[in-house]
Amino acid sequence: MSPKVKTYRYLALIGHLGLLGWMSIWYLLLTDARDYSNTFVIVVYLLPLLLPLYGIIKAKPYTHAWSCFVVLWYLMHSVTVMYVEPSYIIHALIEMFFVIMMFVGCSMFARLRGKELGTGLPKLSKVMEDEKLLFEKSHQNEN
């Protein structure tokens with residue numbers, strides 16, 4: 001693994017663990033008013049982060065790629081909290097900081113590590129060229 005890829009791996013790992021830790025602290029320790037039960041907090045705010053945890057720790061590019069979709073939930077959450085509840089703007093900014101770290105780290109790690117392993121997606125022009133050759137070859141066999 002190249003140093004650049006390792007940097008993105010650690011950025012993703014720190015962002016992921018930071019977000020998991022921050023959401024736990026925010027909703028289980030810092031929130032005075034108990035608007036939500038602990039079960040609700042665990043299921044809605046923590047469980048989605050626990051699903052990709054094993055793959056991110058084990059540096060699996062595929063897990064890093066799909067975890068980018070999971071982290072978008074937290075981006076929407078932080079933006080919504082900033083807009084709706086200005087008293088929690090610092091909390092939401094900390095969440096957004098970890099979200100950006102995780103998203104950039106995961107997406108870049110998945111992309112670069114996939115290229116290193118040779119599992120990246122081919123360019124569309126290459127796919128179309130291969131399809132055209134295959135189509136022409138099958139038409140020649142019919143005639």
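A few remarks follow.
- Unique residue being of a type in the set (Val, Ile, Thr) and over 27 Å from residue 21 (Cα atoms) when the list is 63, 119, 80: 119
- So residue 95, is it among the charged types (D, E, K, R), surrounded by 15 or more Cβ atoms within 10 Å (Cβ to Cβ) and farther than 27 Å from residue 117 by Cα: yes
- Test: residue in the stretch 78-92 that is surrounded by 13 or more Cβ atoms within 10 Å (Cβ to Cβ), within 30 Å of residue 1 (Cα to Cα) and either touching a Lys or Arg at 6+ places or on another chain (Cβ under 6 Å) or of a type in the set (Gly, Ala, Ser) (or both): no
- Filtering the stretch 96-103 for residues that are part of a helix (DSSP H, G or I), among the aromatic types (Phe, Trp, Tyr) and over 20 Å from residue 5 (Cα atoms) leaves a non-empty set.
- Matching residues, the stretch 93-125, being within 14 Å of residue 8 (Cα to Cα) and of a type in the set (S, T, N, Q): 107
- Enumeration of residues in the stretch 104-130 that are in a helix (DSSP H, G or I), over 18 Å from the mean Cα position of the chain (by Cα) and of a type in the set (Gly, Ala, Ser): 125
- Number of the condition not met by residue 135 [criteria: (1) assigned to a helix (DSSP H, G or I); (2) modelled with pLDDT under 90; (3) touching a helix residue (DSSP H, G or I) at 6+ places or on another chain (Cβ under 7 Å); (4) not charged (D, E, K, R)]: (3)
- Per the listing 23, 1, 76, 101, the residue uniquely within 13 Å of the chain's Cα centre (by Cα) and not β-branched (Val, Ile, Thr) is 101.
- Top-ranked residue of the stretch 1-37 - restricted to ones that are among the small types (Gly, Ala, Ser) and exposed (fewer than 14 other Cβ atoms within 10 Å of the Cβ), ranked as farthest from residue 77 (Cα to Cα): 2
- Qualifying positions in the stretch 47-56 - out of contact with any Leu (no Cβ under 7 Å at 6 or more places or on another chain) and in a helix (DSSP H, G or I): 47, 48, 50, 53, 54, 55
- Residue 71 touching a residue at least 40 places away in the same chain (Cβ under 8 Å), surrounded by 15 or more Cβ atoms within 10 Å (Cβ to Cβ) and part of a helix (DSSP H, G or I): yes
- The residues on offer are 15, 21, and the sole one that is assigned to a helix (DSSP H, G or I), of a type in the set (Gly, Ala, Ser) and either touching a residue at least 40 places away in the same chain (Cβ under 8 Å) or closer than 11 Å to residue 109 by Cβ (or both) is 15.
- Matching residues in the stretch 57-68 - criterion: being surrounded by fewer than 17 Cβ atoms within 10 Å (Cβ to Cβ) and assigned to a helix (DSSP H, G or I): 57, 62, 66
- From 12, 92, 33, residue being of a type in the set (Gly, Ala, Ser) and modelled with pLDDT under 90: 33
The values are calculated or read from the model by the stated rules, or taken from the named source; none is laboratory data. Not measured: the values here are computed from a predicted model. As a convention, Cβ positions derive from the backbone with ideal geometry for all residues, glycine included, and neighbour counts pool all protein chains shown.
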